[in-house]
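As structure tokens, the structure follows; a few thoughts come after it.
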Amino acid sequence: MTDDVLLSARGLEVHFPIRSGGVFRRSSGAVRAVDGVDLDIRRGETLGLVGESGCGKSTLGNALLRLVEPTGGTVTFDGIDVTALGRRELRELRRRAGMVFQDPFASLDPRRTVAQTVSEPLEVHGLHGDRRERAARVSELLELVGLDPAVADRYPHEFSGGQRQRVGIARALAGEPDFLVCDEAIASLDVSVQAQVLNLLRRLQRRLGLTLLFISHDLSAVRHVADRIAVMYLGRVVEIGPAAAVGGDPQMPYTQALLSAVPVPHPELERSRKRTVLRGDVPSPAAVPTGCRFRTRCPSAFEPCPDVDPALQPVGQVDGHLAACHLHGVVGTPVAREDDAPEGPTPADAARAPRRAGRAH
Amino acid sequence: MSAPVLEVEDLRVRLRTPRGTAHVVNGLDYTVGPGETVAVVGESGSGKSVSVLALMGLLPSGSATVTGRALLQGEDLLAMSPDRLRRVRGPGMGMVFQDPMTSLNPVLTVGRQLVEGIRAHQRVSKQAARARAVELLAEVGLPDPARAVDRYPHELSGGMRQRVMIAIALSNSPALLVADEATTALDVTVQAQIIDLVERLQSEHGTGVIWITHDLGVVAGIADRVLVMYGGRCVEDGTVDDVLDRPRHPYTRGLLGALPDLAEPLADGSRRDLATIPGVPPPPTDLPPGCVFWPRCPVRGDARCETEQPPLTVVGSGSAALPHRAATWCGEDSR
């Protein structure tokens, strides 16, 4: 099974230090955006990553490609330890692993033509050496994403949102990547255009054998495109499994609440549906609750939840369906009692702090 | 049925733009009854936001021309003096916009903003207005309202800011509440909280609600009636069950088909492609002469589609009071 995995993360952490103002800029705690994620993405699959805003899903996507530096853990891409790569090797990784961004209005340079935008990765990576070959490749890429190659000399403002997103996809595909991270790639598009882009992504995946990480807050869309779904909450993956299992038979109360909150376009069903309305907002990732991080909003929290940090364990009826929830048996790491580990800077932060203070002088 | 809160007749909005006159809203007719929720659905550029901004008198008077009638409790909003309109806005109608961060003033506390709205329309002391502000924040479910009243918008989460917006909109108990994509920027869990809140307040106060959204799932949950807009026209309206379960206009059908549906079981292995509507909506400066949807329509079932504008006519079932209407030349069986 292991050679089936294209990308894998182990104990991945991205902590952003919180610095107090003033001359010394001391570090006082950290925003734990990604906080111990284990994740395997299989070759050729689409893994959907869902969660509310602030849960760390975009940071995770960025950290997998080292667009933000992980502060802990490892990422392995096709057997290569991404976290140990130097600059030159990182460039090769970026060719093989691309990114499609959310906002096609902000992610394209307004002063570059479509051809310039799409051929830039070819130049950077030294692919298709001469100008004529590159132009041919650009036409090919535009056709691949359903744009007329004749538009190559136009500028982004001449395109609609959906067309711009196609340009963004063409750019991401230029280096013939194995892996694409689509970060909210359809969020800013209208419904009818979303469908066009979703269909395009699926078609491209089948044709080019791509592996996709599809990050979105839209559960209906994710369930539609993904083979497997991972649900994130406060920096952790709390449930993962085949799309039909996670979407149809969720085992973690958070996933259940999230699914029940997604409105469906059937009036009768909407009126009769039992909805779990979660109280309150997501806690700050700078002050993550002890034990299970969902316990402060969980309708079924019980004794072990504050004391044991739940690990992912097999749940439900289907193989490969995992959830981090004590309702399925108390499995995980006991929390250190509060009197031995007061809230605030962790020992690791404290160790790093002097260096930062020194640099700020 | 009691007298409607709002009656809109033949509402038209033209905007002067550098690219010529934009026909943004082209003849809307609808009513909102007390306690009733009318959802206005459509994609960006369909004219749904402009149509309510026009009612509120919030379009730039220099470049916008608004015609038609809009009776709020019998009084025509479009014929009012700016002064009268200002007085009607609080107790007559409240509005909640999409982005609570840009619609709240970042340098004033939540309390100041609420008090300002209350004192603009009611003769009460500052203390009384402040007490009312705390009450309102409690009513919209803000935790610890006595302290929240002294907070600045940036200290609140998106969901809490939207609750503040709703508190402000409701501070003068308006007869009509307009929510323009009020939950679009929020997470689904928070969206569910806000929808619950509006429904509760609506049933308590009998407020009529216009809910503008592009999310047909939200519509299914909250609306009594639905109005589907495209190219500045109403292309279909009726009860929520009629429009979403038995859509008649090819555009409505297209929208529903393009939507990934969480309620639909996943077939193993083979997943269907989503239905798509090719192309993009027409620019309001250059609308097609016939059916507005014709250039993108997969049916085009009638010779008149290209040249003649279809009127909004009664289709299918629906009662006389709540008719199901669609503006299409395509008959029942043209799928």
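The values are calculated or read from the model by the stated rules, or taken from the named source; none is laboratory data. Predicted, not measured: the structure shown is a model, and the values here were computed from it. Backbone-built Cβ (ideal geometry, glycine too); neighbour counts: all protein chains shown. We work out accessible area using only protein heavy atoms, side chains counted, and drop any ligands, DNA or RNA first. Shrake-Rupley method; radii C 1.70, N 1.55, O 1.52, S 1.80 Å.
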**Report entry** Tally, over region B:32-47, of residues that are of a type in the set (Val, Ile, Thr) and over 10 Å from the mean Cα position of the chain (by Cα)
**Finding:** 1
Query raised in the report: Any residue in region A:67-87 that is within 30 Å of A:SER260 (Cβ to Cβ), under 14 Å from the mean Cα position of the chain (by Cα) and part of a strand (DSSP E or B)?
Result: no
Query raised in the report: Say we look at region B:93-115 and pick out the residues that are among the small types (Gly, Ala, Ser) and at pLDDT 90 or above; which of these is farthest from B:VAL5 (Cα to Cα)?
Result: B:GLY111
Query raised in the report: Out of all the residues in region B:226-241, which are open to solvent by less than 10 Å² (accessible area, probe 1.4 Å) and either part of a helix (DSSP H, G or I) or aromatic (Phe, Trp, Tyr) (or both)?
Result: B:TYR230, B:VAL240
Report task. Looking only at region B:215-225, decide whether some residue is more than 11 Å from chain A (Cβ to nearest Cβ), in contact with an Asp or Glu (Cβ under 9 Å, 6 or more places away or on another chain) and open to solvent by less than 20 Å² (accessible area, probe 1.4 Å). Result -> no
**Report entry** Condition check for B:LEU59: in a loop (DSSP other than H, G, I, E, B), open to solvent by less than 40 Å² (accessible area, probe 1.4 Å) and among the aliphatic types (A, V, I, L, M)
**Finding:** yes
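Quick check on this structure: which one of B:ALA167, B:ALA146 is at pLDDT 90 or above, in a helix (DSSP H, G or I) and open to solvent by less than 20 Å² (accessible area, probe 1.4 Å)?
Step by step, each of B:ALA167, B:ALA146 is checked, and only B:ALA167 is at pLDDT 90 or above, in a helix (DSSP H, G or I) and open to solvent by less than 20 Å² (accessible area, probe 1.4 Å).
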Query raised in the report: If you scan region B:170-187, which residues turn out to be open to solvent by 10 Å² or more (accessible area, probe 1.4 Å) and either within 14 Å of chain A (Cβ to nearest Cβ) or within 17 Å of B:THR102 (Cα to Cα) (or both)?
Result: B:ASP180, B:GLU181, B:THR184, B:ALA185, B:LEU186, B:ASP187
Query - Filter pass, A:ASP38 being open to solvent by 70 Å² or more (accessible area, probe 1.4 Å), over 23 Å from A:VAL222 (Cα atoms) and in contact (Cβ under 8 Å) with a residue 24 or more places away in the chain - result: no
Report task. Sort out which residues of region B:276-304 are among the hydrophobic types (A, V, I, L, M, F, W, C) and closer than 25 Å to A:ALA195 by Cα, and write them in order of number. Result -> B:ILE277, B:VAL280, B:LEU287, B:CYS291, B:VAL292, B:PHE293, B:TRP294, B:CYS297, B:VAL299
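Kindly establish whether B:VAL315 is in contact with a helix residue (DSSP H, G or I) (Cβ under 6 Å, 6 or more places away or on another chain), more than 14 Å from chain A (Cβ to nearest Cβ) and in contact (Cβ under 8 Å) with a residue 40 or more places away in the chain.
No, not satisfied.
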**Report entry** Sole residue being over 18 Å from A:THR255 (Cα atoms), β-branched (Val, Ile, Thr) and touching a Lys or Arg at 6+ places or on another chain (Cβ under 7 Å), chosen from A:VAL191, A:VAL145
**Finding:** A:VAL145
Report summary line: Scanning region B:287-300 for residues that are free of Cβ contacts under 8 Å to residues at least 60 places away in the same chain, of a type outside the set (Gly, Ala, Ser) and either assigned to a loop (DSSP other than H, G, I, E, B) or open to solvent by less than 50 Å² (accessible area, probe 1.4 Å) (or both) gives B:PRO288, B:PRO289, B:CYS291, B:ARG296, B:CYS297, B:PRO298, B:VAL299, B:ARG300
Requested in this report: Tell me, please, whether a residue that is more than 25 Å from B:ASP215 (Cβ to Cβ) and either in contact (Cβ under 8 Å) with a residue 12 or more places away in the chain or within 13 Å of chain B (Cβ to nearest Cβ) (or both) can be found in region A:264-284.
Outcome: yes
Requested in this report: Determine, yes or no, whether B:VAL280 is open to solvent by 40 Å² or more (accessible area, probe 1.4 Å), in a loop (DSSP other than H, G, I, E, B) and either among the hydrophobic types (A, V, I, L, M, F, W, C) or touching a residue at least 40 places away in the same chain (Cβ under 8 Å) (or both).
Outcome: yes
**Report entry** Hits in region B:89-112 - residues which are within 18 Å of B:ALA179 (Cβ to Cβ) and assigned to a helix (DSSP H, G or I)
**Finding:** B:ARG89, B:GLY90, B:PRO91, B:GLY92, B:PRO100, B:MET101, B:THR102, B:SER103
Query raised in the report: Tell me, which helices (runs of 4 or more DSSP H) lie completely within region A:146-262 with 2 or more residues that are open to solvent by less than 30 Å² (accessible area, probe 1.4 Å), in contact (Cβ under 8 Å) with a residue 60 or more places away in the chain and more than 14 Å from chain B (Cβ to nearest Cβ)?
Result: A:161-173
Report summary line: Taking region A:292-310 and keeping only residues that are open to solvent by 40 Å² or more (accessible area, probe 1.4 Å), without any contact (Cβ under 8 Å) to a residue 24 or more places away in the chain and either within 20 Å of A:ILE229 (Cβ to Cβ) or not aliphatic (A, V, I, L, M) (or both), one is left with A:ARG295, A:THR296, A:GLU303
Report task. Can you confirm whether region B:199-210 contains a residue that is crowded, with 23+ Cβ neighbours inside 10 Å and in a helix (DSSP H, G or I)? Result -> no
Report summary line: Here the residues within region B:234-262 that are closer than 12 Å to B:TYR30 by Cα and either facing chain A (nearest Cβ under 9 Å) or under 14 Å from the mean Cα position of the chain (by Cα) (or both) are B:CYS234, B:ASP237
